2 protein chains.
Amino acid sequence: MKKIDIFKKLRSSGLRPTKQRVEIAKFLFERDKTFHFTIESLDKFLAKKTTFKFALATIYNTVHAFKKAGHLSEVDVRGKKTYFDTNITNHHHFYDNETSELIDIDASEVVIQKIPKAPNGKKIKNIEVFINLKN
Amino acid sequence: MKKIDIFKKLRSSGLRPTKQRVEIAKFLFERDKTFHFTIESLDKFLAKKTTFKFALATIYNTVHAFKKAGHLSEVDVRGKKTYFDTNITNHHHFYDNETSELIDIDASEVVIQKIPKAPNGKKIKNIEVFINLKN
DNA sequence: TTTTACTTTAGAATTATTATAAACTAGTTT
DNA sequence: AAACTAGTTTATAATAATTCTAAAGTAAAA
Ligand SMILES: [Mn+2]
Ligand SMILES: [Mn+2]
Ligand SMILES: [Zn+2]
Ligand SMILES: [Zn+2]
């Protein structure tokens, strides 16, 4: 992903390309594989890898703007912190409780044969399969 | 569920049957159908339906003791509050985002045909299917 | 360049949860 | 039944994740 794409991500999220936001966007999107992160892990990375400061509020605001624009998704994990995902396709997860690690499962890897019909007046929006792992 | 069973629930959770705990246990277990709740909803019910006071810490402690003893389970729901479930069988959920309501799906209602194998050295502990609803 | 609207930031506020430690009580012992 | 002991409740403080605020700074428009 080129720098011009980073600007597009920002613009399409309603964000001006400030230096903080560009750094965040580069870290999130300028890579080959998608990944999962928390605000805390992102903050730690930014503190270590860049010279200037990032207020936590800036990180929260930027991540939420990306999420709102559909450039990030959120994953439900037991625990207190929110996990974000740069994989915005429909997909599923393994969760390794020992390491607190999320592993993607492509939607095509899961085939569901039978599912109940949605309650009256409701439709199915999406199905999330969460596979807990043990050793 | 009779009063004697309430005492068993408490005893098997390592809890003395105090009046607070008996009230909580009666509310949770003395009913025909299982249900989902948060600490907040439980607290509100107890405040409204009983005369004596419940410290929040007592509610948290009692619920956690039931969970640890296997009398309650926890459900991952997007959001900040923890949801508990008096249904401790393996089962799945519909989640109605409009009403923030969880609806049980019996394990037999879901048949999964294909699933990837667990990563090296890991085993599958359990599979949770979460179906998001829309109108 | 000046202006305007948006952005960053430090710190305060909020929310859910957990910890603390003093007052209280259930169950046991005498 | 009184005394004892271990467990319990409670108000309050502490912690952790997140959101809010408002002052100072910056990008883009005029
Ligand atoms: Mn959020
Ligand atoms: Mn959660
Ligand atoms: Zn993922
Ligand atoms: Zn349930």
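Report, ordered by chain and residue number, the aspartates and glutamates lying within cross-link reach of B:K114, taken as a straight Cα distance under 15 Å and ignoring same-chain residues fewer than 8 apart. Those aspartates and glutamates meeting the cut-off are A:D106, A:E109, A:E128, B:E128.
Residues within the reach of a label modelled at A:S100 (point 7 angstrom out along Cα to beta-carbon, backbone nitrogen below 12 Å), restricted to segment A:67-82, are A:78-82. Relative to the Cα centre, the charge distribution of the protein assembly as shown, modelled as +1 at Lys and Arg Cβ and -1 at Asp and Glu Cβ, gives a dipole magnitude of about 760 debye. In nanometers and ordered shortest first, the copy-to-copy spacing of the A:F7 label point, defined 7 Å from Cα toward Cβ, is 7.7. Summary of the geometry: segment B:62-102 and segment A:66-130, compared by the centres of their Cα atoms, lie 17 Å apart. Put in line by how crowded their Cβ is, counting other Cβ atoms within 10 Å and starting with the fewest, A:S108, A:S41 read A:S108, A:S41. For a straight C-alpha distance cut-off of 14 angstrom, the aspartates and glutamates reachable from B:K125 (same-chain residues fewer than eight places away being disregarded) are A:D96, A:E98. Between copies, the label points of A:R78, set 7 Å from Cα on the Cα→Cβ line, lie 2.1 nm apart, reported in increasing order to one decimal in nanometres.
Shortest first, B:K117 label-point distances to identical copies amount to 3.9 nm, with the label point at 7 Å from Cα along Cα→Cβ. Shown here: segment B:35-135, whose C-alpha atoms stretch 53, 38, 24 Å along the first, second and third principal axes, sorted largest to smallest. Pairs of Cα atoms nearer than 8 Å and 6+ residues apart set the relative contact order; for segment B:3-83 it is 32 percent.
Each residue of segment A:66-82 is assigned a 3J(HN,Hα), and the resulting list reads 5, 5, 4, 7, x, 8, 9, 10, 10, 10, 7, 10, 4, x, 8, 7, 8 Hz, derived from the Karplus form 6.51 cos²θ - 1.76 cosθ + 1.60 (θ = phi - 60°), x at Gly and Pro.
Taking a straight line from the alpha carbon of B:K48, these aspartates and glutamates sit under 15 Å away, with near neighbours fewer than eight places off in the same chain left out: B:E23, B:E40.
Computed from the coordinates by the stated procedures, all read-outs in this text should not be read as laboratory data. Quick caveat, the model's predicted, so the values are computed rather than measured. Positions of Cβ are backbone-derived with ideal geometry, glycine not excepted, and every protein chain shown enters the neighbour counts.
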